[in-house]
Amino acid sequence: MLGFLILFPLVVAAVLFVVKNNQARKVIVSVSALVIGLASVLLAGTYLGAGGVYFEYMSPVIDYVCTGISILIAVVILAYGVKYRNVLASVLAIIQVVGTLVLEFGFAHHVTVQYGLYLDSLSLLMALVIGIIGSGICVYAIGYMEDFQAHHADEPDRRPTFFALMFLFLSAMFGIVFSNNMMWLFAAWEVTTVCSFLLIGYTKTDEAIKNAFRQIIMNILGGLGFLGALYFMVIGLGTLSFVDFIVYGIQNPAVVVLPVTCLAFAGITKAAQMPFHTWLLGAMVAPTPTSALLHSSTMVKAGVFLLVKLAPIFYAGTASFSGNFMTVVPSLMVVLVGGITFTLCSFMAISQSNAKRVLAYSTIANLGLIVACAGVGTPEAVWAATFLVLFHAIAKSLLFLCVGTAEHHIGSRDIEDMDLLFERMPRLARFMMLGIMCMFIAPFGMLIAKWATLVSFVETGNIALIILLAFGSAATFMFWGKWLGKLSGIAAEPKNDEITVHRSEWVSISLMAVLVIACCICIPAISWAIVEPYVYSVYGTVAAGIAADNLWIASVAVIFIVIVLFAGLGKSKARKVDVYLSGVSIDNSERTFQNSLSQETKATARNWYLESVFGEKLIAPVGTIMCTILIVAAFAVAAVGLPGLL
């Protein structure tokens, strides 16, 4: 089943790359997405509650295939670098491929990993996210890309490449979450990097190309960090087994400080943490399905997945802090970078009116919170981080898909243009409101996970993190509240724009909405069946961040909120009257009226963006400088331990 989930999307990608007929593509994408989703559910059902299951699988053929993939990726990047005269990307690609070849044939050719594949409860959770949410986004893209191509009719139809890259993304993500052989994991890691590069540059505009190269440069830097960790693992420890490395790191945190720092750096870049956050903001130029895929089930989730897997080493290093200062360096770097990113990006989201940029900053901020939890590394923090990963994935995918559909039908992605969305697109507005509420309102999942995060920070005495969480959460409440208020306002009775939404879009959006509701209602069961078994398998103790009774109370409350939200959907027999404008009406459709001074006034409600206080130009440099200093200092201190590792 693991091999099927890795290879089947790869085969589908190859088929879609050559299929030009739109009807055939619809069938292939829909059926393949259904198969992948069902396979991931079947896998999770088969191994539900499993600790760690390792599969004895060694293949020199796959080793060489992975090396070939690294070479191919470098060739692709080099070709684009030469074509668009980007010297830095070309140089980094050459360095990476040379480093990979030297590692494979100079040092690692004799190293064998007996258990090449594995799964645990965290892998199963990630497989469900990839298989259901990722596949659902691919289905959404069927209708969305039809409209996209219609709006860009003068450009060549590159949809075969687009869909091939989407399924290749899924294949690589399954490879990341199931590979115990670090060389295989690294190959899949780099495939996600190049897929993201090609999807961001899909439109081939100057802005898209610029942002695509920003992404590839930053993520190759992270890839070089990953490659450096592999060198240390082979030379210092004589292994490429991920689980062996984690076990050794828990037992001897002082010895693995440098490779753990390298892997943490790779995770930070992939998760778009400061100072590497700009690549994810630049990704917003891509079509909406790309943004949704990057933010919810691929790419950035690969970064936080790696960091959560390393959490036991961070915890062990912190526990042995009194004996050796160096052991706390990786944890300190991850905790502070994540905490600073969460707070500052939450502030910057306040100043944004572009819905996709709000979602982007929200993504970076919430990833920062997950990163900080991973850096703390306690069982309670890992419990919270796992739920943050889950609820962020489903809520953010729902929101991105809603914004993409709204943009195509109201002609804007600006929040200020969503005044009448509750009437113009009643179902879509409710789905969007559901996603927003899941992100910041009790009793929905994200706030429950943040509550658990606060508990874990308090128990470990991380005063700095508690302060960062408090201020960042306050900012979160403000920017989500502004957007929710816009959607909640009802005025006039414009035409319904939902009748032209593609069925594939409704299927995907409805799927994400059902997942949001189901996961929020079933949060106690998810904790018992998936999250707690993973925590127990790693730490030998069951540690839930929130008591089960409180989880059940939240679950019941969600049911009532959902009923209220969707109860009014459909045709209403209530008599509709003109909008009351607090004066003598002049034009109800334009919402203008005569005020008490006999002057014409237009009724408007505009959000408060505080650009002079929370603008990007003011805050971004602060975070970039602080996080850069932290990362450089961490590497400098960690390098002191290199002789001990060797």
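The values are calculated or read from the model by the stated rules, or taken from the named source; none is laboratory data. Since the model is a prediction, treat every value here as computed from it, not as a measurement. Note that each Cβ is placed from the backbone with ideal geometry, even for glycine, and that neighbours are counted across all protein chains shown. With ligands, DNA and RNA removed, areas are computed over all heavy atoms of the protein, side chains included. Shrake-Rupley method; radii C 1.70, N 1.55, O 1.52, S 1.80 Å.
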- Would you be so kind as to identify which of 86, 241, 126 lies farthest towards the positive end of the dipole of the chain, taking Lys and Arg as +1 and Asp and Glu as -1 on Cβ and the Cα centre as origin? 86
- Task: Rank 47, 326, 7 by how far each Cα sits towards the positive end of the charge dipole of the chain (+1 on Lys, Arg Cβ; -1 on Asp, Glu Cβ) and give me just the farthest.
- Result: 7
- Projected area of region 1-153, taken from the Cα convex hull and averaged over every viewing direction, in nm²? 12.0 nm²
- Pairwise centroid distance, computed over Cα atoms, of region 433-484 with region 592-626, Å: 24 Å
- Task: Just report the Cα centroid separation between region 111-190 and region 11-33, whole Å.
- Result: 15 Å
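So if I place +1 on the C-beta of Lys and Arg and -1 on the C-beta of Asp and Glu, and nothing else carries charge, what would the dipole magnitude of the chain be about its Cα centre? I want it in debye, nearest 20.
Values: 33 positive and 33 negative charges, 125 e Å.
The dipole magnitude comes to about 600 debye.
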- Item | Dipole-positive endmost among 409, 369, 345 within region 289-432 (Cβ charges, Cα centre) | 369
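Assign unit charges at the C-beta atoms only (+1 for Lys and Arg, -1 for Asp and Glu), then state the dipole size of region 1-146 relative to its Cα centre in Debye, rounded to the nearest 20.
Details: 5 positive and 5 negative charges, 126 e Å.
The calculation lands at about 600 debye.
Just the number, please: carbon plus sulfur as a percent of the accessible area of the chain, 1.4 Å probe, no ligands or DNA/RNA counted. Intermediate results must be reported in sequence, preceding the final value.
Details: 15940 of 23970 Å².
Here it works out to 66 percent.
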- Query: With respect to the cross-link table entries 270/309; 396/486; 270/486, which display a Cα-Cα separation exceeding 23 Å?
  - Reply: 270/486
- Query: Got the relative contact order for region 296-372 handy, in percent, Cα pairs under 8 Å and 6 or more residues apart?
  - Reply: 33 percent
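Looking at the P(r) of region 194-252, how many percent of alpha-carbon pairs lie beyond 17 Å?
Numbers: 929 of 1711 pairs.
Counting pairs separated by more than 17 Å, the tail of P(r) holds 54 percent.
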- Note on the structure: Along region 147-153, Karplus-curve 3J(HN,Hα) (6.51, -1.76, 1.60; θ = phi - 60°) to the nearest Hz, with x for Gly and Pro, reads 5, 4, 5, 5, 6, 10, 5
- Å² of accessible area per residue within the chain, as computed with a 1.4 Å probe and no ligands counted: 37 Å²
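For region 57-132, what relative contact order do you get, as a whole percent, if you take Cα pairs closer than 8 Å and at least 6 residues apart? List each step's numbers first, then the result.
On the way: 33 pairs, mean separation 28.7, N = 76.
Computed over region 57-132, the figure is 38 percent.
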- Query: If you place +1 on the Cβ of every Lys and Arg, -1 on the Cβ of every Asp and Glu, and leave all else neutral, what size is the dipole of region 316-465 about its Cα centre, to the nearest 20 Debye?
  - Reply: 200 debye
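Before rounding to the nearest 500, sum -39500 (n - 2.57) across all DSSP H runs of length at least 4 in the chain and divide by the residue total; then give [θ] at 222 nm in deg cm²/dmol.
Values: 28 runs with 450 residues, N = 646.
Helix contribution divided over all residues of the chain: -23000 deg cm²/dmol.
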- Ordering of 222-231, 93-102 by burial proxy (mean other Cβ atoms within 10 Å per residue, highest first): 222-231, 93-102
- Note on the structure: Taking only the Cα positions of the chain, the convex hull volume per residue in Å³ is 156 Å³
